[in-house]
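Read the structure below first, then the notes.
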Amino acid sequence: MKILNISTKLQQSIFFVLLCVSQFTFAQTETPVDSAEAEKGILTGVNVSSSVSGYSGTGYVTGLDKSTDKITVTLNAPVKAFYLLVIRYNSTGGDKTQNLIVNNGGASSVVFLKTSKWTDIEAGKYLLNAGSNTITIQSSWGWMDIDKFSIYNAAKNIYSIVPDLVNPNATKEAKSLYQFLLSKFNSKIISGQTNSSYNEVKSIGGQSPMIKGFDFQHYTQGYAYKWSNGAHTFGWEDDGSVKQAIDWYKSTAGKGIVTFQWHWHSPSGGKAGTNTFYTNQTTFDVTKAVQSGTIENTLVLRDIDSIATQLNRFQVSGVPILWRPLHEAGGTWFWWGAKGPKACKDLYFIIYDRLTNFHHLNNLIWVWSTPEADWYPGNNFIDILGHDSYPGVYNYDIQKNSFDRIYKLSEGKKLIAMTENGPIPNPDECLALDAPWSYFMSWSDLVTAQNSNQHIIDVFTNPNVLTLENPTAVNEIKTGKNPVYQIFPNPAQDEISLTGSDFDRVEVINMKGRIVFSTTKPVSSIQTGKYSNGMYIVNVYKDQTVFQHKLIVRN
Ligand code: CA
């Protein structure tokens, strides 16, 4: 997000409206499990109209213009299960955002993209109760029409997350961190906090966030707050963040995880003492910056090289980084997003190429945090997809539709994280309701402004939340034969069978320590025909215990 020198209230409203959004259009050929016409719902402060043809039923609902305006419908599900919610709408006046509330839970934002006709969108997959369920759309921002709600049978998301980082030359520390994240995904949630307010969170929650977030904004020539002769001026400075992050990492014996974003001050300046990373505070043109030979291109390379010097300090110290450049680009409030997706992606590829292939920085895990499909650099260039979540004070909703939107963007092949947040989503609900954010990272003092102290305590003492004091949530490793979980035959050839399907996760690790298979599904067999001969470790996770088996493969 966001920063630092503008008022929190303004930020909140901006981000609430623009940020936490979700949307995809939808082509559905199946029959819905149930549908409800919006015009037949419980309507508050809205009108029924029939002037735009093509609606379903007897009309549609319009006039969502006050924050108290809402539509509530009831949908019936035959059994308690996950269902895909589809909303039929029309929004000819542009992209609009409304709040979605399922069964009186917390609100999450849904973006309805501009359309010229009645359109179906997927609004996420939700665990619904057997019998009646209420779905409410509450006005947030923008006039639009809502026609109908439908639910469809839907499986939980299937995660087939790639086992390797996009950079084949990643350092062993980066690979090891990625394996750790993989091994915890969908069974635990890793805690995180910006450097700012980190100690406060620790004192409230009683445990130390495992991730600590920092910013590179001081480390380029365009930094606009350098203090000189009693006034702000432009200039690079070392504010100590890098040393502090390295020292902290070492103090945790490598259990801590460092993340950096970069509020990249305009490479061409602007007004000293202002946030020149904002689109409205600079004239810097990113479309010129991505063309070789331009002055702007020279300036961005200068800045990337400046950051590379800092990233290299981590590399030589053996510190891997969750590296999150060009964050929130699709919001367009930062200059790197101001000219649309193509220039932004081109800039991303320049950064990726320069840092990876020119500077040989291999300690980076590449994190992308803007959810729009046309802005996405693609699975070949991104390791983790993130969502920056600001749904409003004390709203601990899991933001399922934002999660599902990113899931769809990555085709289920990448880790998904809440890369910034105001309120911390309820960890148990994240895991139970299939929005298993790999980690969260609370933003600065919003952690105490938007979470109650009790909520912070509940989160940090939850056994499914990993902290520095509880880094693995595995309290016990059991080896040898176990009456519930057994593997056979052993030695194995094409396949092993696994008894006991009631586990959180099963994984197979080769002798290089690489995970060659991992699933959270209740499988009863694992294909081993393509494994090279040798010894493997099979770990079966249940609650806070891992049941460990040695497996010999002889093909
Ligand atoms: Ca209707």
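Every read-out reported here was derived from the displayed coordinates using simple, explicitly stated rules and does not represent laboratory data. Note that the coordinates shown come from a computational prediction; the quantities given were computed from them, not determined experimentally. For neighbour counting, all protein chains shown are included, and Cβ atoms are generated from backbone atoms with ideal geometry for every residue, glycine included.
A few notes on this one:
- Label sites at Asn510 and Gln486, each approximated as a point 7 angstrom past Cα along Cα to Cβ, lie 3.0 nm apart.
- Fully extended contour minus Cα-Cα distance, from Trp143 to Asp543, at 0.36 nm per residue: 139.3 nm
- Region 479-553: proportion of alpha-carbon pairs further apart than 18 angstrom, %: 29 percent
- Extension gain, Glu469 back to Asn169 (0.36 nm per residue minus Cα-Cα distance, nm): 104.9 nm
- The calculated FRET efficiency for the pair Asn129 and Arg554, based on their C-beta separation and a Förster distance of 41 Å, comes to about 0.25.
- Three-way shape label, region 85-168, alpha-carbon gyration tensor, a/c 1.5: oblate
- When peptides 296-307, 102-113 are ranked by their average number of other Cβ atoms within 10 Å per residue, the highest-first order is 102-113, 296-307.
- Rg(Cα) / (2.2 N^0.38 Å) computed for the chain, rounded to two decimals: 1.01
- Two-decimal log10 I(q)/I(0) for region 298-365, as the Debye equation yields it once each C-alpha is a single scatterer, q = 0.13, 0.17, 0.18, 0.28 Å⁻¹: -0.38, -0.63, -0.70, -1.24
- Rel. contact order, % - alpha carbon contacts under 8 angstrom, at least six apart, the chain: 14 percent
- P(r) tail fraction, region 34-153 - alpha-carbon pairs more than 22 Å apart, %: 25 percent
- Order by protection proxy (mean Cβ within 10 Å, highest first), peptides 115-123, 520-528: 115-123, 520-528
- Whole-Å distance, taken between Cα centres, linking region 191-242 and region 113-144: 39 Å
- Length gained on full extension, Asn453 to Asn380, computed as 0.36 nm times the residue gap minus the Cα-Cα distance: 22.2 nm.
- Förster-model FRET efficiency, 41 Å R0, Thr294 and Ala231, C-beta, rounded to 0.05: 0.85
- If R0 is 30 Å, the Cβ-Cβ spacing of Val393 and Lys40 corresponds to a FRET efficiency of close to 0.35.
- 3J(HN,Hα) along region 317-323: 8, x, 9, x, 10, 7, 9 Hz, from the Karplus curve 6.51 cos²θ - 1.76 cosθ + 1.60 with θ = phi - 60°, whole Hz, x for Gly and Pro.
- Cut-off 19 Å, label 7 Å out along Cα→Cβ of Val523, residues of region 482-505 by amide N: 485-505
- Only helices reaching 20 angstrom along their own axis (Cα) with mean Kyte-Doolittle hydropathy no lower than 0.0 count here, and for the DSSP H runs of the chain these are 295-316.
- Principal semi-axes in Å for region 297-447 [√(5λ), Cα gyration tensor, largest first]: 28, 17, 15
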